[in-house]
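Undergrad: Could you have a look at this structure, given as structure tokens, before my questions?
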Amino acid sequence: MHPGSDEAEWREDCAPRRVLSLFATKWTSMVLHTLHARHGGTARTGVLLRSLPGISKKMLTQTLREMEEIGLIAREVLAVMPPAVEYRLTELGCRFVEPVNLLYDWGRDNADALDALGSRPGARRG
């Protein structure tokens with residue numbers, strides 16, 4: 001904590017910590033970004049699975065359930081045979097797209113800085 005700073009800014013339930021905990025797993029931001037950038041805000045489960053290399057079907061299902069539970073996406077069962085499920089960004093989910101896009105844009109613009117990072121446990125790039 002900085003001398004003279006408001007202690008409330010650093011509480012466990014402060015806004016910055018809540019934002020970081022929301023994106024503690026990489027898949028939440030990636031699903032938001034993919035729904036918005038690649039699919040206009042709406043996609044079926046299989047489309048999302050193919051659009052997110054490296055995610056397992058189980059992890060995608062778990063992530064989608066969590067995102068639906070907190071209100072970032074809405075789930076709709078379509079009346080087709082066989083039944084299909086479609087996910088769409090909610091109004092709240094759309095509000096979180098902007099900071100995710102800023103972060104992704106920064107990553108693309110600063111790939112050299114990311115490449116300069118030391119190796120991390122579990123990282124795919126060496």
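Undergrad: With a ≥ b ≥ c taken as the square roots of the eigenvalues of the C-alpha gyration tensor of region 4-126, please select rounded if a/c is under 1.5 and otherwise prolate if a/b is larger than b/c or oblate if it is not? Present the calculation step by step, with values, prior to reporting the outcome.
TA: Working: a/c = 2.11, a/b = 1.39, b/c = 1.52.
Oblate shape, in that a/c is at least 1.5 and b/c is the bigger or equal ratio.
Undergrad: Work out Dmax and Rg for region 45-109 from the C-alpha atoms and quote the Rg first, both in angstrom.
TA: In order Rg, Dmax, the Cα atoms of region 45-109 give 13.6, 44 Å.
Undergrad: Let me have the relative contact order for the chain, percent, based on Cα pairs under 8 Å that are six or more residues apart. All intermediate terms of the calculation are to be shown ahead of the outcome.
TA: On the way: 94 pairs, mean separation 26.0, N = 126.
Reported as a whole number, the value is 21 percent.
Undergrad: Tell me the carbon and sulfur percent of the accessible area for region 1-123, rounded to whole percent, probe radius 1.4 Å.
TA: Working: 4780 of 8730 Å².
Ligands and nucleic acids excluded, carbon and sulfur give 55 percent.
Undergrad: Report the gain in length on full extension from Ala79 to Asp115: 0.36 nm times residue separation, minus Cα-Cα distance, nm rounded to one decimal. Don't skip to the end; give the middle numbers.
TA: On the way: separation 36, 0.36 × 36 = 12.96 nm, distance 4.68 nm.
This chain segment gains 8.3 nm when fully extended.
Undergrad: Oh, and also: Roughly what would the spin-label model give for Arg18 and Lys57, points 7 Å off Cα along C-beta, in nm?
TA: Output for this residue pair reads 3.6 nm.
Undergrad: Something else about it: Rolling a 1.4 Å sphere over the protein heavy atoms, what is the accessible area per residue of the chain, to the nearest Å²? Could you put the intermediate results ahead of the total?
TA: Details: 9240 Å² over 126 residues.
Computed with neighbouring chains in place, this is 73 Å² per residue.
Undergrad: Here is a follow-up. Is region 78-121 best put as rounded, prolate or oblate by its Cα gyration tensor, with a ≥ b ≥ c the root eigenvalues, rounded for a/c under 1.5, and otherwise prolate when a/b is larger than b/c, oblate when not? Before the final figure, lay out the partial values.
TA: Numbers: a/c = 4.22, a/b = 2.19, b/c = 1.93.
It comes out prolate by the Cα gyration axes.
The values are calculated or read from the model by the stated rules, or taken from the named source; none is laboratory data. What you are looking at is a predicted structure, and each value in this text was computed from that prediction instead of being measured. Quick reminder, even Gly has a Cβ in these numbers, built from the backbone with ideal geometry, and neighbours come from all protein chains shown. The accessibility values were calculated without ligands, DNA or RNA, using every heavy atom of the protein model including side chains. Shrake-Rupley method; radii C 1.70, N 1.55, O 1.52, S 1.80 Å.
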